[in-house]
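Novice: Take this structure, written in C-alpha cells, and hold onto it; I'll ask about it next.
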Amino acid sequence: MRGFALVLVILGACTNERAFPEGFVFGTAVAGFQVDMGCPTIAAEICEDRGSDWYQYITSTVAIARGQTHLSGSPPSSGPGFYELYAQDLDRAKSLGSTGFRFSIEWSRVFPNSTIGVEGHAALKAIASADALRYYHDILSALRARGISPLVTLHHYTLPTWMHDGVGCTVSLDRCSPRGWLEPTIVPEIAKYAGFIAQELGAEVDHWATLNEPLAVVIPGYLMPSAARTNPPAQLLRYEEAKVAVFAMIQAHARMVDAVRTADTIDADGDGKATFIGVVYPVAPVLPKDPESALDRRGAENISYIYNDVFLNAVISGVLDDDMDGKGESRADLVGRSDYLGLNYYFKIVVKGEASSFLPDFSPLLTFDPLALEQGAVFPEGMRTMLQKIKASWPDVPVYITENGWDEAHGYGQERFLAEHLQYILRAIHEDGVDVRGYYWWSLIDNYEWNQGPALKFGLWAVDPNDTTKARTERPVAGAYRKIITDRAVSDELSLKFPIP
C-alpha cells in the first residue's frame, strides 16, 4: 500500500504542475483598429474610425504607392466588423469559458477633433463622440452580462490625425505637421484622454493598460520599417526622432497612470482597488548567432538590454537611461507607475555581433549586424526564460500574458503553439515561482493585421475577409483552449501530444 500511495502522490504532484492557480484569468484579446472595420450591414462611415493616422495611412494612395511603407493595400472593408458583431463575438468568448477580454479604446473615435486647450471632464465630454462612448459602454455592459472581466488598453498604436499626420509625415518627416510622438503636446493630451476615459468608464473597469508595445511603434516607425511590420511614419534610421518617441512614450505611460488613478475612484470588481494599471510590452529572448563567439554574445546582451530592459526599467523601476548606454538614473516622476506588467510574447531574436554600434547616436550598445538580424522563429521555451528574467529584474510586479498566439497559415500549428507555451508558463509558475495571473490568446477572431491587412490568421475563429456577411468559423485551437479553460490545466492528452523537454 505504501508503494501505491507514493505513486498517487507522485501522480498528484504531476497533475498539480499542469494546473493553473486559483483565480488565474483565461482570456482573449483584440484591438479596436484591427477588428472594428468591415461591418456587414452598418454604414462604413459609422463602422470605420476614419479619424486615426492608421486609417489615413492604409487608405492613402500616396502612402500605398511609397514602397518603403510596405502596405498591403487591403481595404478597410476586409476587416471583421466587430463594431457591429461584438455581441456575437463575446458569446464566442463566453463559449470558451474565458473570464477575461482585452480590447482597446480608440482615442480618435472618442475625440475626432482636437482636445488641445479643452480642460475639465464636462468640457471634454461636450466635444467627445456620444456614439463612441455609447459603443464602449455597450461592450462593457455585454461583458458584464457574460461574466467576463475587461482589460482596457487605452492606446493600441493609433493616434488621431489631429495629433499625427500619418501620410504627410511618411512623405516628409521634416515638413509634416502634426508629428505624432514627436509633438510636445502629445504627453499632456494623451494623459488628458486617459483621465477622461477613466472617469467615464471607471465604474465598469478596474484593469487598465496604458500603451501597447511601444517599441512596435518606434522600431518600424522611425528605424527599420519592413514588410513584416511597418508603422507610420515608416521612416528609415531616424535615430534622433526614435529616441524622442521612446522617451515621450515613457513619459506618456507615467502621466496616463497618474491621470487614471486620479480619475477612476470606483472599485468596479469589489477587490478593494479602484485601479490596477500597467503597460503592455513585447519581450523576446535575444540569442547569439554563434554561442561560441564573444562578439555575438556581447551583441545579444546589448540588444536584449535595449529591447527588453530600457523601457521597462523606466516604467516599472523609475530608472531612466536616456543615453541608452546602460547607465540609468532614478526619476521620482516615474517611480511606482506600474501595478503589473502585460507581457506579449511571440518569438526569439538572433543577433550577429559587431565591434561597434550600428547607430552610435541612438545607442553605443547597438553592436549588431542589422542585415544578419533574425526574428520571427517560434521559440516556446523563451516564454519561461522571459518570465524568469522578469522575476529577477522586477520581482514585485505580477505578470499577465496579454498576447500570445500564432498565424494559422504559418505551419507551426496553433494548437501546438498554445499547448507548448502554456506548459512553459506552468513551469514558470510552479518551479520558478513567477507570479503569472492570466493569459490572453491573440486573438479572438481574425483581424486586420496592420500593414499586412487580413493576410495573417491569428483568430480562434476564422473570418473570410471576402465574405460580406463576415461569418466566423471556429478553428480547432478554440476547442483545445476551451478544454484547457474547463480543466484549468493542460491535460495529459495535450501534453503528450505536444510534449516539451
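Novice: Of the conditions (1) out of contact with any strand residue (DSSP E or B) (no Cβ under 9 Å at 6 or more places or on another chain); (2) in contact (Cβ under 8 Å) with a residue 12 or more places away in the chain; (3) outside any helix (DSSP H, G or I), residue 117 satisfies every one except a single condition; which number is it?
Specialist: Of everything listed in (1) out of contact with any strand residue (DSSP E or B) (no Cβ under 9 Å at 6 or more places or on another chain); (2) in contact (Cβ under 8 Å) with a residue 12 or more places away in the chain; (3) outside any helix (DSSP H, G or I), residue 117 misses just condition (2).
Novice: Between residues in segment 481-500 that are touching a residue at least 60 places away in the same chain (Cβ under 8 Å) and residues that are surrounded by fewer than 18 Cβ atoms within 10 Å (Cβ to Cβ) and assigned to a helix (DSSP H, G or I), which pairs lie under 6 Å by C-beta distance while being six or more apart or on different chains?
Specialist: Between residues of segment 481-500 that are touching a residue at least 60 places away in the same chain (Cβ under 8 Å) and residues that are surrounded by fewer than 18 Cβ atoms within 10 Å (Cβ to Cβ) and assigned to a helix (DSSP H, G or I), the close pairs are 498/416.
Novice: Here's a follow-up. From the list 432, 396, which residue is outside any helix (DSSP H, G or I), touching a residue at least 40 places away in the same chain (Cβ under 8 Å) and not aromatic (Phe, Trp, Tyr)? Let's see the steps before the verdict.
Specialist: Values: 396 fails: touching a residue at least 40 places away in the same chain (Cβ under 8 Å).
Criteria check complete, one pass: 432.
Novice: Could I ask something else about it? Of all residues being under 15 Å from the mean Cα position of the chain (by Cα) and in a strand (DSSP E or B) in segment 271-312, which is nearest to residue 206 (Cα to Cα)? Just the residue, please.
Specialist: 277
Novice: Any chance segment 177-185 includes a residue that's part of a helix (DSSP H, G or I), of a type outside the set (Phe, Trp, Tyr) and closer than 30 Å to residue 440 by Cα?
Specialist: Looking only at segment 177-185, we keep the residues that are part of a helix (DSSP H, G or I), and these are 180-182.
Imposing the further condition that a residue be of a type outside the set (Phe, Trp, Tyr) reduces the set to 180, 182.
From what is left, the residues that are closer than 30 Å to residue 440 by Cα are 180.
Yes.
This table checks each residue for (1) closer than 30 Å to residue 381 by Cβ; (2) modelled with pLDDT of 95 or more; (3) among the hydrophobic types (A, V, I, L, M, F, W, C).
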{"position": "231", "(1), (2), (3)": "yes, yes, no"}
{"position": "234", "(1), (2), (3)": "no, yes, yes"}
{"position": "251", "(1), (2), (3)": "no, yes, no"}
{"position": "257", "(1), (2), (3)": "no, yes, yes"}
{"position": "261", "(1), (2), (3)": "no, yes, no"}
{"position": "265", "(1), (2), (3)": "no, yes, no"}
{"position": "268", "(1), (2), (3)": "no, yes, yes"}
{"position": "275", "(1), (2), (3)": "no, yes, no"}
{"position": "282", "(1), (2), (3)": "yes, yes, no"}
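Novice: Does segment 40-54 contain at least one residue that is touching a strand residue (DSSP E or B) at 6+ places or on another chain (Cβ under 6 Å) and either outside any loop (DSSP other than H, G, I, E, B) or among the basic types (Lys, Arg) (or both)?
Specialist: First, the residues of segment 40-54 that are touching a strand residue (DSSP E or B) at 6+ places or on another chain (Cβ under 6 Å): 51, 53.
Checking the rest, the ones that are also either outside any loop (DSSP other than H, G, I, E, B) or among the basic types (Lys, Arg) (or both) come to 53.
Scanning segment 40-54, I find at least one residue that is touching a strand residue (DSSP E or B) at 6+ places or on another chain (Cβ under 6 Å) and either outside any loop (DSSP other than H, G, I, E, B) or among the basic types (Lys, Arg) (or both), so the answer is yes.
Novice: If you go through segment 399-411, how many residues are out of contact with any helix residue (DSSP H, G or I) (no Cβ under 7 Å at 6 or more places or on another chain), at negative phi and either in a helix (DSSP H, G or I) or surrounded by fewer than 21 Cβ atoms within 10 Å (Cβ to Cβ) (or both)?
Specialist: Going through segment 399-411 one residue at a time, the tally reaches 3.
Novice: Something else: Which residue is nearest to the chain's Cα centre (by Cα), if the candidates are limited to segment 195-225 and must be acidic (Asp, Glu) and in a loop (DSSP other than H, G, I, E, B)?
Specialist: So in segment 195-225, the residues acidic (Asp, Glu) come out as 200, 204, 206, 213.
Subset that is in a loop (DSSP other than H, G, I, E, B): 204, 206, 213.
On the way: 204: 21, 206: 18, 213: 5 Å.
Within segment 195-225, the match that is nearest to the chain's Cα centre (by Cα) is 213.
Novice: May I pose another question? From 151, 140, which residue is surrounded by fewer than 22 Cβ atoms within 10 Å (Cβ to Cβ) and not aromatic (Phe, Trp, Tyr)? Please lay out each step first, then the result.
Specialist: Working: 151 fails: surrounded by fewer than 22 Cβ atoms within 10 Å (Cβ to Cβ).
Sole residue among the options that is surrounded by fewer than 22 Cβ atoms within 10 Å (Cβ to Cβ) and not aromatic (Phe, Trp, Tyr): 140.
Novice: Considering only residues that are under 22 Å from the mean Cα position of the chain (by Cα) and in a helix (DSSP H, G or I), which ones fall in segment 138-153?
Specialist: 139, 140, 143
Novice: So for segment 412-430 (the condition being surrounded by fewer than 16 Cβ atoms within 10 Å (Cβ to Cβ), modelled with pLDDT of 95 or more and not charged (D, E, K, R)), does at least one residue qualify? Walk me through how you get there before you give the answer.
Specialist: Taking segment 412-430 and keeping what is surrounded by fewer than 16 Cβ atoms within 10 Å (Cβ to Cβ), we get 412.
Still in the running and modelled with pLDDT of 95 or more: none.
Checked against the condition, which is being surrounded by fewer than 16 Cβ atoms within 10 Å (Cβ to Cβ), modelled with pLDDT of 95 or more and not charged (D, E, K, R), segment 412-430 yields no hits at all.
Novice: Moving to a separate point now. For residues that are surrounded by fewer than 18 Cβ atoms within 10 Å (Cβ to Cβ), modelled with pLDDT of 95 or more and in a loop (DSSP other than H, G, I, E, B), tally how many sit in segment 469-499.
Specialist: Adding up the residues that qualify gives 4.
Novice: Same structure again: Considering only segment 305-318, I want to know if a residue exists there that is modelled with pLDDT of 95 or more, exposed (fewer than 15 other Cβ atoms within 10 Å of the Cβ) and not hydrophobic (A, V, I, L, M, F, W, C). If you could, list the steps in order and put the result at the bottom.
Specialist: At the first step, the residues of segment 305-318 found to be modelled with pLDDT of 95 or more are 305-318.
Pick out the ones that are also exposed (fewer than 15 other Cβ atoms within 10 Å of the Cβ) and you get none.
For segment 305-318, residues modelled with pLDDT of 95 or more, exposed (fewer than 15 other Cβ atoms within 10 Å of the Cβ) and not hydrophobic (A, V, I, L, M, F, W, C): absent.
Novice: Taking the residues in segment 350-375 that are out of contact with any helix residue (DSSP H, G or I) (no Cβ under 7 Å at 6 or more places or on another chain) and part of a strand (DSSP E or B) as candidates, determine which candidate is surrounded by the fewest Cβ atoms within 10 Å (Cβ to Cβ). Write out each step before concluding.
Specialist: Initial filter on segment 350-375 (out of contact with any helix residue (DSSP H, G or I) (no Cβ under 7 Å at 6 or more places or on another chain)): 350, 356-357, 360, 364, 369-375.
Within this subset, residues satisfying the condition of being part of a strand (DSSP E or B) are 350, 374-375.
Details: 350: 22, 374: 13, 375: 15.
That would be 374.
Novice: Then there is this: Tally time: how many residues in segment 298-326 are among the acidic types (Asp, Glu) and closer than 24 Å to residue 347 by Cα? Quick ask: steps written out before the conclusion?
Specialist: First, pick out the residues of segment 298-326 that are among the acidic types (Asp, Glu): 301, 309, 321-323, 325.
Checking the rest, the ones that are also closer than 24 Å to residue 347 by Cα come to 301, 309.
Matching residues across segment 298-326 total 2.
Novice: Just checking, how many residues over segment 90-102 are touching a residue at least 60 places away in the same chain (Cβ under 8 Å), assigned to a helix (DSSP H, G or I) and either buried (at least 22 other Cβ atoms within 10 Å of the Cβ) or small (Gly, Ala, Ser) (or both)? Break it down stepwise before answering.
Specialist: Within segment 90-102, the first condition is being touching a residue at least 60 places away in the same chain (Cβ under 8 Å), and the residues that meet it are 92-93, 95-102.
Cutting the leftovers down to assigned to a helix (DSSP H, G or I) gives us 92-93, 95.
Checking the rest, the ones that are also either buried (at least 22 other Cβ atoms within 10 Å of the Cβ) or small (Gly, Ala, Ser) (or both) come to 93, 95.
Number satisfying all stated conditions: 2.
Novice: Mind telling me which of the residues 375, 388 ends up being at pLDDT below 95 and under 24 Å from the mean Cα position of the chain (by Cα)? Steps first, answer last, please.
Specialist: Values: 388 fails: at pLDDT below 95.
Step by step, each of 375, 388 is checked, and only 375 is at pLDDT below 95 and under 24 Å from the mean Cα position of the chain (by Cα).
Novice: Does residue 268 fit the bill of being closer than 29 Å to residue 168 by Cβ and surrounded by fewer than 24 Cβ atoms within 10 Å (Cβ to Cβ)?
Specialist: Details: closer than 29 Å to residue 168 by Cβ: no; surrounded by fewer than 24 Cβ atoms within 10 Å (Cβ to Cβ): yes.
Taking the combined requirement at face value, the residue does not satisfy it.
Novice: Determine whether segment 21-31 contains at least one residue that is surrounded by 23 or more Cβ atoms within 10 Å (Cβ to Cβ) and more than 18 Å from the chain's Cα centre (by Cα).
Specialist: No, that holds for no residue.
Novice: OK, next. Could you identify the single residue in 105, 186 that is touching a Leu at 6+ places or on another chain (Cβ under 7 Å), surrounded by 20 or more Cβ atoms within 10 Å (Cβ to Cβ) and not acidic (Asp, Glu)?
Specialist: Details: 186 fails: touching a Leu at 6+ places or on another chain (Cβ under 7 Å).
Sole residue among the options that is touching a Leu at 6+ places or on another chain (Cβ under 7 Å), surrounded by 20 or more Cβ atoms within 10 Å (Cβ to Cβ) and not acidic (Asp, Glu): 105.
Novice: Which of the numbered conditions does residue 341 fail, given that it passes all the others? Conditions: (1) without any contact (Cβ under 8 Å) to a residue 24 or more places away in the chain; (2) surrounded by 17 or more Cβ atoms within 10 Å (Cβ to Cβ); (3) not in a loop (DSSP other than H, G, I, E, B).
Specialist: (1)
Novice: In segment 133-149, what count of residues is obtained for those that are among the acidic types (Asp, Glu) and in contact with a Ser or Thr (Cβ under 7 Å, 6 or more places away or on another chain)? Please lay out each step first, then the result.
Specialist: The initial filter retains those residues of segment 133-149 that are among the acidic types (Asp, Glu), namely 138.
From the residues that got through so far, the ones that are in contact with a Ser or Thr (Cβ under 7 Å, 6 or more places away or on another chain) too are none.
Qualifying residue count for the region: 0.
Novice: Right, something else. Give just the number: which of (1) touching a residue at least 60 places away in the same chain (Cβ under 8 Å); (2) part of a loop (DSSP other than H, G, I, E, B); (3) within 30 Å of residue 232 (Cβ to Cβ) does residue 452 not satisfy?
Specialist: Tallying (1) touching a residue at least 60 places away in the same chain (Cβ under 8 Å); (2) part of a loop (DSSP other than H, G, I, E, B); (3) within 30 Å of residue 232 (Cβ to Cβ), residue 452 fails exactly one: (2).
The values are calculated or read from the model by the stated rules, or taken from the named source; none is laboratory data. What you see is a predicted model; the values in this text were computed from it and never measured. When we count neighbours, we look across all protein chains shown, and the Cβ atoms used for this are built from the backbone with ideal geometry, even at glycine.
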